[in-house]
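Chemist: Structure in structure tokens, see below.
The values are calculated or read from the model by the stated rules, or taken from the named source; none is laboratory data. These figures come from a predicted structure and were not determined experimentally. In this analysis, Cβ positions are derived from the backbone assuming ideal geometry, glycine residues included, and neighbour counts consider all displayed protein chains. To get the accessible areas, we keep the full protein, side chains included, count just its heavy atoms, and leave off ligands, DNA and RNA. Shrake-Rupley method; radii C 1.70, N 1.55, O 1.52, S 1.80 Å.
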Amino acid sequence: MSTPIWTVVGASVMGVAHKAKGLPCQDRAWVHATQDDVIIGIISDGAGSAPRAAQGAEIVVKTFGKALLQVDWTRRMTRDDYLAILGRALTEIEALVWDSALTEGAMVDDYLATVTGFVLCPNHAAAFQVGDGFVVCRENSSEVFDTVIPPKQGEYANSTFFATSPGAVGDLQIWLADEDRRVGFLAASSDGLASISLHCRDATPGQDLFSWYERNLCWSHDPAVAFHDLESLLTNSPEINARVTDDKSLVICKRTQRI
Amino acid sequence: MNQQRETLLPVVLNPEPRCPVLLLLDPSSSMQGVKINQLNEGLRHYVQAVRADEVARFRVETCLVTFGGSVRIARDFETMVDYGEAPTLIARGGTPMGEAIETGLDHLEERKALYRKHGLQYYRPWVFLLTDGEPTDTWERAAQRVHQGERARKFLFFAIGVEGADFGTLAQIAPPSRPPLKLKGLHFAEFFAWLSDSVLTVSRGEIGEQIETDSWDAWGVIPTSSEYSR
């Protein structure tokens with residue numbers, strides 16, 4: 001069996017602030033690796049103020065996961081292709097949230113949750129978002145990390161856009177890697193880690209931090225081992241938890257060989 | 001699993017608004033003995049107190065400029081997160097106070113430019129001049145810069161004289177709205193405790209908010225008129 005092209009780590013942990021308030025973890029992270037070396041990652045961050053946000057995040061992750069698993073990734077996808085697939089998923093999410101709200105006697109806004117996701121194929125990559133998470137990439141032939149999906153803030157401080165809201169497709173950000181460029185590293189994160197990862201002035205990534213991830217995380221091909229290592233870091237790191245009290249979700253993929 | 005990870009500390013970003021504090025300290029030869037020991041002890045307390053505060057340790061950046069014999073940036077602007085121990089000052093040499101003030105103010109402006117470059121908000125800086133003597137260099141231009149800087153609201157300048165200081169000259173250096181204070185005896189510990197309490201309070205405030213700090217009664221007095229005319 002050939003070595004997989006990608007190694008991936010991912011974890012979603014409760015923030016100390018949520019723990020202190022007795023709130024559940026309202027982040028969800030889901031990663032799937034296919035036999036064709038395609039990695040699909042979805043992160044959803046439930047709004048802290050929304051009582052059913054964890055449920056909303058669950059709906060987002062499952063719906064996008066299902067939609068992207070049904071795609072034939074052997075053919076190259078265009079922006080319009082992604083818009084169609086992601087748009088249908090957002091429409092389905094809107095319907096599911098409405099149904100849940102009716103059933104549970106709740107408001108649609110009770111389920112507010114963002115989405116940050118990516119698809120990594122051997123020869124192309126894409127990322128998307130409705131919300132204030134972010135995606136950082138490094139080209140395989142480069143040492144420099146770039147923010148390819150920056151956080152999208154709303155009009156007011158601490159406001160953003162949600163995948164569970166009606167008309168969310170209007171707030172969808174999509175990034176496609178250039179055809180002649182191969183991704184060597186990709187990190188998708190909920191906004192919890194933004195303050196320690198992105199320069200506040202222009203949302204460019206802290207180069208040293210992402211280099212640190214490449215050097216120091218456990219890049220095991222066994223997902224359980226890799227998950228446990230990242231989960232332990234996000235949960236127990238004093239440097240991170242002194243600065244970040246929100247829930248944290250992070251999925252990172254690294255190409256196993258530099259080309 | 002990576003058992004021996006490198007420390008994360010230097011690589012996580014810190015977007016907190018900064019509270020710059022510039023300390024212009026006089027370890028000239030006249031500070032030998034108990035005075036320099038008390039000063040060093042006070043400095044250690046200040047570093048510990050700011051580092052222990054979960055907000056201030058990421059916001060307060062302290063620079064030490066010393067002027068004992070020559071002017072030296074003993075410690076550049078840095079938060080307390082990775083500060084280590086406070087430097088131990090050794091008393092020696094003359095008192096190039098004018099040069100120290102100008103060096104410190106130049107360095108402060110460079111730091112503010114760095115904040116602006118990186119999109120960091122910052123509080124109005126505090127500058128403290130602590131001396132037990134008189135300048136042994138030219139100081140008039142430094143005094144002008146202090147006055148201009150205060151008028152332009154570039155910083156808040158505090159001049160503090162220890163027993164034996166030339167308060168007449170200090171009064172010309174200090175901004176007119178804030179004449180120099182005299183340290184009570186060797187109350188360095190009380191001064192640095194007041195300083196750490198004050199910066200902790202300021203660093204928790206909103207940018208632009210008016211902050212009330214504790215009174216300086218515990219460590220300072222207004223010099224007498226005889227202390228002004230030496």
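Chemist: Of the beta bridges DSSP finds with both residues in the protein assembly as shown, what % are antiparallel, to the nearest 5?
Modeler: Close to 75 percent.
Chemist: Something else now. If contacts are Cα pairs under 8 angstrom and at least 6 residues apart, what is the relative contact order of segment A:43-198 in percent?
Modeler: 27
Chemist: Okay, moving on. For chain A, just the Cα atoms, rotate onto the principal axes and tell me the three extents in Å, largest first.
Modeler: Computed over chain A, the largest-to-smallest principal extents equal 54, 43, 37 Å.
Chemist: Carbon-plus-sulfur fraction of the accessible area of segment A:2-92, 1.4 Å probe, in percent?
Modeler: Of all accessible area on segment A:2-92, carbon and sulfur atoms account for 53 percent.
Chemist: Could you tell me which of rounded, prolate or oblate describes segment A:1-136, using a ≥ b ≥ c as the square roots of the eigenvalues of the alpha-carbon gyration tensor, with rounded for a/c under 1.5 and, failing that, prolate when a/b is larger than b/c and oblate otherwise?
Modeler: Verdict is oblate for segment A:1-136.
Chemist: For a quick size check, give me the Cα extents of segment A:99-198 along its three principal axes, largest first, whole Å.
Modeler: Sorted largest first, the three principal extents are 53, 27, 19 Å.
Chemist: Here's another thing I want to ask about it. Only Lys, Arg, Asp and Glu count, each charged at its Cβ (+1, +1, -1, -1), so figure out the dipole size of the protein assembly as shown about its Cα centre, rounded to 20 debye. Provide the component values of the computation, followed by the final result.
Modeler: On the way: 46 positive and 64 negative charges, 110 e Å.
Taking the Cα centre of the protein assembly as shown as origin, the dipole is about 540 debye.
Chemist: Here is a further query. What nm distance separates the two modelled labels at B:Arg151 and A:Leu83, each placed 7 Å from Cα along Cα→Cβ?
Modeler: With each label placed 7 Å out from Cα toward Cβ, I get 6.0 nm.
Chemist: Could you work out the mean count of beta carbons from other protein chains within 10 Å of each residue's beta carbon in B:8-19?
Modeler: Mean shielding count: 6.
Chemist: What's the tally of Lys pairs in chain B whose alpha-carbon atoms lie under 20 angstrom apart, where the two lysines are 8 or more places apart or on different chains?
Modeler: The number of close lysine pairs in chain B is 4.
Chemist: How big is D for segment A:158-222, in µm² s⁻¹ as a whole number, if Stokes-Einstein is applied with the Kirkwood radius of its Cα pairs at 10 °C and 1.306 mPa s?
Modeler: 106
Chemist: Mind giving me the nanometre distance, one decimal, between the label points for B:Glu41 and A:Asp36, set 7 Å out from Cα along Cα→Cβ?
Modeler: Taking the two extended label points, one gets 7.5 nm.
Chemist: Can you say what percent of the DSSP beta bridges in segment B:1-147, counting only those with both residues inside, are antiparallel? Round to 5. Don't jump to the answer; show the numbers that get you there.
Modeler: Values: 6 of 19 bridges.
Within segment B:1-147, antiparallel bridges account for around 30 percent of the total.
Chemist: Summarise the long-distance tail of P(r) for segment B:129-224 by giving the % of C-alpha pairs beyond 23 Å.
Modeler: Distances greater than 23 Å cover 30 percent of the Cα pairs.
Chemist: Amide H to amide H under 5 Å from A:Thr160: which residues, 5+ apart in sequence or cross-chain, H placed 1.01 Å off N in plane?
Modeler: A:Gly154
Chemist: Skip the ligands, DNA and RNA, and give the accessible area per residue of the protein assembly as shown with a 1.4 Å probe, whole Å². Mind showing how you got there, number by number?
Modeler: On the way: 21600 Å² over 489 residues.
For the protein assembly as shown, the solvent-accessible area averages 44 Å² per residue.
Chemist: About the Cα centre of segment A:162-240, how large is the charge dipole given +1 on each Lys and Arg Cβ and -1 on each Asp and Glu Cβ? Please answer in debye to the nearest 20.
Modeler: 60
Chemist: Okay, moving on. Modelling each spin label as a point 7 Å along the Cα-to-Cβ direction, I'd like the B:Ile90/A:Ser159 distance in nm, to one decimal.
Modeler: Distance between label points: 6.1 nm.
Chemist: Compute the Rg/Rh shape ratio of segment A:136-259: radius of gyration over Kirkwood radius, all on alpha-carbon atoms.
Modeler: My calculation of the ratio gives 0.97.
Chemist: With θ set to phi - 60° and the Karplus curve 6.51 cos²θ - 1.76 cosθ + 1.60, what are the ³J(HN,Hα) couplings of segment A:72-86 in order, to the nearest whole Hz, using x for Gly and Pro?
Modeler: Residue by residue, segment A:72-86 yields 7, 7, 6, 9, 6, 9, 9, 4, 5, 4, 5, 4, 5, 5, 5 Hz.
Chemist: Additional query: Can you pull out the buried accessible area for chains B and A, both sides counted, probe 1.4 Å, rounded to the nearest 100 Å²?
Modeler: Counting both chains, the buried surface is close to 2000 Å².
Chemist: Give the carbon-plus-sulfur fraction of the accessible surface of chain B in %, rounded to a whole number; probe 1.4 Å, heavy atoms of protein chains only.
Modeler: Working: 4950 of 10330 Å².
Exposed carbon and sulfur together represent 48 percent of the surface.
Chemist: Given a Förster radius of 60 Å and the C-beta distance between B:Glu163 and A:Val169 as r, what FRET efficiency does 1/(1 + (r/R0)^6) yield to the nearest 0.05?
Modeler: Between B:Glu163 and A:Val169 the formula returns 0.25.
Chemist: Work the Kirkwood hydrodynamic radius out for segment B:125-175: mean of 1/r over every pair of different alpha-carbon atoms, inverted, in Å.
Modeler: 11.1
Chemist: Just to be sure I understand: of the beta bridges DSSP finds with both ends in segment B:106-230, what percent are antiparallel, rounded to 5?
Modeler: Bridges in segment B:106-230 that DSSP calls antiparallel: roughly 20 percent.
Chemist: So if the hydrodynamic radius of the protein assembly as shown is defined as the Kirkwood radius over C-alpha pairs, what does Stokes-Einstein give as its diffusion coefficient at 4 °C and 1.567 mPa s, in µm² per second? Don't skip to the answer; put the middle values down first.
Modeler: Details: Rh = 25.5 Å.
Diffusion coefficient, whole number: 51 µm²/s.
Chemist: Moving on. What three numbers, in Å, describe the spread of the alpha carbons of segment B:49-134 along their principal axes, ordered from the longest?
Modeler: 39, 27, 16
Chemist: Between beta-carbons, use under 12 Å as the cut-off and find the net charge around A:Ala203, counting Lys and Arg +1, Asp and Glu -1.
Modeler: -2
Chemist: What is the Å³ per residue value for the convex hull set by the Cα atoms of segment B:68-195?
Modeler: 124
Chemist: Heavy-atom accessible surface, probe 1.4 Å, ligands and DNA/RNA ignored: which residues of segment A:221-256 lose at least 40 Å² versus the isolated chain?
Modeler: The answer is A:Asp229, A:Glu239, A:Arg243 - residues whose exposure falls by at least 40 Å² when every protein chain is included.
Chemist: Can I ask one more? For chain A, set up a GNM with springs between Cα atoms under 10 Å and report which of A:Asn140, A:Asn236, A:Asn123 has the largest fluctuation.
Modeler: Judging by the Gaussian network model, the answer is A:Asn236.
Chemist: So what's the gap between the Cα centers of segment B:101-138 and segment B:161-196, to the nearest angstrom?
Modeler: Centre-to-centre distance over Cα atoms comes out at 18 Å.
Chemist: To the nearest 20 debye, what charge dipole does chain A have about its Cα centre, counting +1 at the Cβ of each Lys and Arg and -1 at the Cβ of each Asp and Glu?
Modeler: Approximately 380 debye in magnitude.
Chemist: Taking Rh as the Kirkwood radius computed over C-alpha pairs, what is the Stokes-Einstein D of chain B at 25 °C in a medium of viscosity 0.890 mPa s, expressed in µm² per second?
Modeler: 136
Chemist: Can you give the FRET efficiency for A:Ala95 and B:Asp82, using 1/(1 + (r/R0)^6), R0 = 56 Å, r = Cβ-Cβ distance, to the nearest 0.05?
Modeler: That gives a FRET efficiency of 0.65.
Chemist: Please give the peptides A:45-54, B:5-14, A:98-107, B:131-140 ranked by average Cβ packing (other Cβ atoms within 10 Å per residue), highest first, as a rough proxy for protection.
Modeler: Top to bottom by mean Cβ count within 10 Å: A:45-54, B:131-140, B:5-14, A:98-107.
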